[in-house]
Amino acid sequence: MFGDSQFTSTLSVNFHFPKIPRRTIKKAAGLVKEIFSKTFTGSGEKELYELVRDELLAWNEELKSFRTKSQTGHFPGKSQIDDGLALVAGILEQTSSFALIARFLEDADALEEFAEDFEDLDDFYNSQFQTWQALVGALNEKFKANRPALEKDSEALKALTELERIYNMPSPYEQLRHINPLIEQVAKVNSTLVEEKRTHALERVDLRIGRVKEALAEAHAPSELQNQALRPLQMCRQRIEATSSIPQIISEQTEAEGYEDEAYELLNGFIEDQRKKAEAEQRRRELEQKKREEEAAKAGKAAPAPEPAPEPVQPQPVAKRTVTINPTDAMAKSVATGFIESEAEVDAYLAALREQLIAAVKAGDRVRIK
């Protein structure tokens with residue numbers, strides 16, 4: 001607050017109002033220079049009042065903009081923004097030039113301290129905001145799914161730990177320059193790991209696609225059935241190519257086994273229908289042949305030279321179904337405990353597995369061991 005020596009009351013022709021001494025104006029002008037880096041070139045109270053008010057209004061607008069941005073996620077400086085808005089509001093709410101300048105000088109210490117915070121906030125929200133968003137995206141999105149795999153690499157773990165430390169700092173402004181290099185370091189390791197997992201997964205899926213295509217070709221499956229059988233595997237492959245998530249790549253690779261099983265089920269249904277049609281056609285031909293033979297026999301009794309019987313019709317070969325046998329099924333049937341501990345149990349397990357294999361082969365099927 002200011003004593004009587006700083007402010008005096010003077011009488012004008014029509015009004016009574018406080019008037020600011022020149023030395024007080026000079027002191028306020030010095031504070032303006034220190035806080036806002038602006039030089040007061042005027043000489044009167046009104047001009048000083050307008051300069052202080054305009055600079056504080058500019059701060060106020062910037063701080064409100066910072067507050068809006070800070071509310072969109074995890075961003076530093078929220079408490080400093082609120083403190084700054086309260087400080088500025090306390091000065092701007094003064095209704096006269098005298099009162100505003102008096103409050104401005106009264107809050108000099110708080111303003112000088114906050115000016116340093118404002119510089120940090122201004123640089124952060126106007127220049128470094130995208131850098132911070134990159135940090136948030138890296139920790140919460142880009143590297144989140146692959147973090148367990150990344151942390152097995154010492155360099156990636158070190159970089160992630162440092163990024164996490166910066167992320168949790170209340171005032172990280174001095175560390176912002178390290179964010180992009182650290183992200184690039186993690187991204188390099190991440191790219192290598194993803195590519196390794198993706199390449200392996202695509203190789204496994206391509207093997208399954210190749211087996212299904214071969215089975216479809218052997219069965220002379222129509223194009224519609226081929227598309228239906230292959231589409232889940234092909235879509236699985238596309239998802240593996242598109243994702244950068246190691247857990248998803250592994251999941252898709254695992255699910256591809258089920259898609260292959262489903263493809264064989266579709267194909268087996270088609271082959272079964274073809275078998276039934278072939279068997280029905282064979283029975284029809286045999287009946288027709290038998291009928292011709294009977295007619296020929298009757299004709300032979302009446303005629304001296306019966307016509308020779310037609311050549312028997314050979315059935316067309318039918319494609320083999322693909323059946324999947326899981327050795328654990330044989331284990332469950334032959335060894336109740338789930339553990340093989342004797343030669344007798346070995347023989348029982350192998351006998352059960354052999355029985356499954358022989359039954360499938362005798363049925364005209366081909367076997368895929370799971």
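Bear in mind that the values in this text are calculations on the coordinates, not laboratory data. Not measured: the values here are computed from a predicted model. Glycine also receives a Cβ, built like all others from the backbone with ideal geometry; neighbour counts cover every protein chain displayed.
Kirkwood radius, the chain, all distinct C-alpha pairs, inverse of mean reciprocal distance: 30.1 Å. Taking each of K213/K290; K197/K370; K213/K362; K69/K144; K78/K144 in turn, the alpha-carbon distance tops 30 angstrom for K213/K290.
Placing +1 on the Cβ of every Lys and Arg and -1 on the Cβ of every Asp and Glu, with no other charges, gives the chain a dipole of roughly 1320 debye about its Cα centre. Placing +1 on each Lys and Arg Cβ and -1 on each Asp and Glu Cβ, with no other charges, gives the range 320-370 a dipole about its Cα centre of roughly 560 debye. Summing Cβ point charges (Lys, Arg +1; Asp, Glu -1) relative to the Cα centre of the range 140-280 gives a dipole of roughly 340 debye.
The simple Förster model, with R0 at 56 Å and r as the Cβ-Cβ distance, assigns R23 and A187 a FRET efficiency of 0.40.
Each eigenvalue of the Cα gyration tensor of the range 8-128, multiplied by 5 and square-rooted, gives one semi-axis; in descending order these are 32, 14, 11 Å. Cross-link partners of K188 among aspartates and glutamates, defined as those whose alpha carbon lies under 19 angstrom from its own and excluding same-chain residues fewer than eight positions apart: E141, E151, D153, E155, E162, E164, E196, E241.
Helix content alone sets the calculated 222 nm mean residue ellipticity of the chain: runs of n ≥ 4 DSSP H residues at -39500 (n - 2.57) each, divided across all residues, give -23500 deg cm²/dmol. Sorting the segments 283-292, 206-215 by their mean number of nearby beta carbons within 10 angstrom, highest to lowest, gives 206-215, 283-292. Using alpha carbon centroids, what distance separates the range 89-124 and the range 187-213, in Å? The distance from the Cα centre of the range 89-124 to that of the range 187-213 comes to 61 Å.
Once backbone amide H atoms are built at 1.01 Å from N, K19 has T8, T10 as its partners under 5 Å, excluding neighbours fewer than 5 places away on the same chain. For T324, nonlocal amide neighbours, meaning residues 5 or more places apart or on other chains whose placed amide H falls under 5 Å from its own, are R368.
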